[in-house]
Amino acid sequence: MNHTIRLITVCVGMIVMPGSLSLASAASLEGLKGNFKKRFSTVVALKKDGKIGETKAGALEAVKPEYMKDKRVRRIVNAENADRRKLYVLLAKQKKTTPQMVAQRNARRNFSKAAKGEYLKQGDGNWKRK
Amino acid sequence: MAFPSNSKYDFQWNLFDQRPARAIMKREEDDEIMINCVPFRCTTIPALWMLLGLFATSCGHTVDVKPIRVEPIHVTMDVNIRVDKELDQFFAFEEELQSEVEEPAVDEAAKPETSS
């Protein structure tokens, strides 16, 4: 009897688990989106000021190391990159690929969408203004 | 047993035997005398045949025409497209917010200059 109940519990768990996992990832995606939205205007402003730029690794980076001494820049860059890493992992799981690959695709997207005058870090490590 | 290596002997080789088919001894008076061949192990001819056989087999090329597989490229393209689509959907809010951020700047630029 106990064995049957245990078997039924396992079966139900196996059916419910993927659904609950996808719900959890959807919830965390929404949470991440909220964070990105909150920071968006600041990120855009810092990009326009030429203090931060996009890299080929799909992350934000200070154009000059001394800009990271600015508390606001440091906070935004670190928070944005932490959330981006989470996003890449979640999307990679969803699409059955690697976080690196998602990061590269996002970098490509950011490079193409970058506004004129924004800094973009090239593969050789040099910054280039669009 | 060694066969006498004399220029007076002329050999007619049988390629399929391992010994000369017959040896003909030439005499000064042009008489030909058949000499019974002593079992004479000649390894040169069979060795040549074997070499020829080996050469023939080693030179044979086998060309396997396998069907062209393009699946991995398709899969990679498919994943790239799906990831791009997902990223576009996720960051769709950027365009709305971008227009909100840019609007004040556009308005200011559109304002006519008022000089007093």
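In table form, for the structure just shown:
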| quantity | calculated |
| --- | --- |
| Qualifying residues in region A:2-24 (those that are among the polar types (S, T, N, Q) and under 19 Å from A:Lys93 (Cβ atoms)) - the one modelled with the highest pLDDT | A:Ser22 |
| Search result, residues across region A:32-53 that are closer than 16 Å to B:Leu87 by Cα and more than 10 Å from every other protein chain (Cβ to nearest Cβ) | A:Asn35 |
| Close pairs (8 angstrom Cβ cut-off, 6 or more residues apart or separate chains): more than 7 Å from chain A (Cβ to nearest Cβ) and under 16 Å from A:Ser112 (Cα atoms) in region B:82-94, among the charged types (D, E, K, R) and assigned to a helix (DSSP H, G or I) anywhere | B:Asp88/A:Arg109; B:Phe91/A:Arg109 |
| Long-range neighbours under 7 Å by Cβ, at least six apart or interchain, first residue within 10 Å of chain B (Cβ to nearest Cβ) and surrounded by fewer than 19 Cβ atoms within 10 Å (Cβ to Cβ) within region A:88-112, second in a loop (DSSP other than H, G, I, E, B) and not β-branched (Val, Ile, Thr) | A:Gln104/A:Gly58 |
| Lone qualifier among A:Gly117, A:Gly125 - being of a type outside the set (Ser, Thr, Tyr), away from chain B (no Cβ under 11 Å), in contact with a helix residue (DSSP H, G or I) (Cβ under 9 Å, 6 or more places away or on another chain) and loosely packed, with under 14 Cβ neighbours inside 10 Å | A:Gly117 |
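The values are calculated or read from the model by the stated rules, or taken from the named source; none is laboratory data. Owing to the predicted nature of the structure, the values given are computational and were not obtained by experimental measurement. Note: ideal-geometry Cβ built from the backbone for every residue, glycine included; neighbour counts use all protein chains shown.
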